[in-house]
Structures are given as structure tokens and as C-alpha cells.
Ligand SMILES: Nc1ncnc2c1ncn2[C@@H]1O[C@H](COP(=O)(O)OP(=O)(O)O)[C@@H](O)[C@H]1O
Ligand SMILES: [Mg+2]
């Protein structure tokens, strides 16, 4: 299997005024194509920082990050933006656009990628079927439950056939039954559609749903388990 993400002694230090905050102190990891990996750690351990670096939303202050073998430090801002468009993001608070319907939210990234109106409508409908929302496509986010909104967000993240999916506490803001449904959906996408998933969470039970788990503490990966 091809290595899709590799971090070598990856570091991130934020400056809080004049005070350095070492969020990542030297993270090493490899993620292979087709994997379902979780990263588990308590609040403040550096999970979101790590995910934001992998998603090219922020830049490391030390070490190396390779995406599909490319050293991301060699990429221009324009190339980093291109890279971000090949990554699917799912966040805790869904980040849907309130005045757009589910269908329009899923269509949006495809419009940006330049797909025709007919193509993107067809694919958005298929994706909403896949996530079990075929009958909710004309609802706006405020007319959907948290679990349903997160399923729209997952459909949107998949719209442009991303190289991998990054999920930051994807069930952190929904009830436990819906959370269970979300994780089953993610498992199904991983197995049936071979979607590579990297999910960060502070929830041990959720993390154990992935095939492999990296355990984070204080800016380091301290342990790896197979579930
Ligand atoms: N933009 C920022 N500026 C300064 N410190 C930050 C910033 N983002 C995160 N941190 C700090 O970095 C550490 C790791 O944060 P984060 O990656 O959000 O952890 P987690 O997602 O595991 O809760 C924490 O100490 C946090 O306060
Ligand atoms: Mg976080």
C-alpha cells in the first residue's frame, strides 16, 4: 500500500504574544492509502494542530510533512490551495452554509472545481443517497438534526473525490445514537469505497472504531494500538 501522509519530527509552536506554545513537539507517523486511522488524546494534546497541518490549513514550524510523497514545504501558497482541494474536511460544528439546502451545500465544492450544473446535481444527489439523506436534500441545515447535518458535511467532503478524509471530533456535537450512525457510515465508506480516513477525537470508544489508533499526549505520539 502507498504511504499517503508521512510526518517526520513534525513540530508546531504557536506564539501567544511573546510566549511560545509547543503544540507539537516532534510527531512521526505514516498513513497508508485505504486506512482508517484514529488519533486519540486529551484536550490540548495537539490533535487539531496535527490535523490542520496534514490538511495544509496551517504550516509546521519544524520537521517534515509529506503528502503523497511531496514535501509540503516545497509548495507555493497556490499549490497548497490546490492540495487542500484534494482533501475532505469534516469538523465538529459541521460548518454548513445556513442559507443553502443540503443539496446546494454538497454541490458547492463541485461548482468551485468547475463541474457543470447537471453533473454536480447528479453527484450531489448520489452522495446524499449514500449518506442516507436522499429524502432530506431540499432541507436547510436548521431543518436537520445534528447527525443529519454531519452526514451532509461528510457528503460535501466527498464531493470532489478527495485523496483522504480528515475528521476533527466529528461526533463531538451530536447525540450518542446519531454518533453511532455517523461512525458506522464512516466505516462503510472506508470499507466499501476505500476512502482513507484520519479521525481525531478525545473519545476512547470512538477512537477504537478505527482500525489503528495513535495515542497523543503533550504534543507527542506516545503509543500505537491496533483495534
Ligand atoms: N492558534 C493558537 N495559538 C496559540 N496556542 C494554540 C493555538 N491553537 C492551539 N493552541 C494550543 O496548542 C495546544 C494544542 O491545541 P490543539 O491542537 O487544539 O489540541 P486538541 O485538539 O488536542 O485539543 C494547546 O495548548 C492549545 O492551547
Ligand atoms: Mg481539537
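What follows is calculated from the coordinates using simple rules that are stated; it is not laboratory data. Quantities reported herein were computed from a predicted structural model and do not represent experimental measurements. Note that each Cβ is placed from the backbone with ideal geometry, even for glycine, and that neighbours are counted across all protein chains shown.
Apply 1/(1 + (r/R0)^6) to the Cβ-Cβ distance of residue 32 and residue 71, taking R0 = 22 Å, and write down the FRET efficiency to the nearest 0.05.
After rounding to 0.05, the efficiency reads 0.75.
Working from Cα positions, state the angle (0 to 90°, nearest 10) between the long axis of helix 146-158 and the longest principal axis of the chain.
80
When you count, for each residue, the other Cβ atoms within 10 Å and take the mean per peptide, how do 179-186, 146-153 rank with the highest first?
Highest-to-lowest ranking by the protection proxy: 146-153, 179-186.
Would you mind computing, in nm to one decimal, how far apart the modelled labels at residue 220 and residue 86 are, each placed 7 Å from Cα along Cα→Cβ?
The answer from the label model is 3.3 nm.
Taking neighbour Cβ counts within 10 Å as the exposure measure, how do 6, 32 sort from fewest upward?
32, 6
Which angle between 0 and 90 degrees, to the nearest 10, do you get for helix 102-112 versus the longest principal axis of the chain when only C-alpha atoms count?
Between the helix axis and the principal axis of the chain, the angle is about 60 degrees.
Could you list 187, 47 so that the one with the fewest beta carbons within 10 Å of its beta carbon is first and the one with the most is last?
By the 10 Å Cβ count, ascending, the order reads 187, 47.
Output the relative contact order of the stretch 42-138, whole-number percent, from Cα pairs under 8 angstrom with separation of 6+ residues.
Relative contact order comes out at 18 percent.
Using the 10 angstrom Cβ neighbour count as an exposure proxy, how do 137, 205 rank, fewest first?
205, 137
Please compute, over every Cα-Cα pair in the chain, the percentage with a separation greater than 28 angstrom.
Tail fraction, whole percent: 30.
Label 7 Å along Cα→Cβ of residue 193; the stretch 161-182 residues with amide nitrogen under 19 Å?
Those under the cut-off are 161-171, 179-182.
Give me the extension gain from residue 8 to residue 93: residue separation times 0.36 nm, minus the current Cα-Cα distance, reported in nm with one decimal.
27.6 nm
Can you give me the P(r) profile for the stretch 144-227? Cα pairs, bins 5 angstrom wide beginning at 0, each as a whole percent.
Final binned percentages: 3, 13, 25, 25, 18, 11, 4, 0.
For the chain, what is the percent of antiparallel DSSP beta bridges, rounded to the nearest 5?
Counting only bridges with both partners in the chain, antiparallel ones make up about 60 percent.
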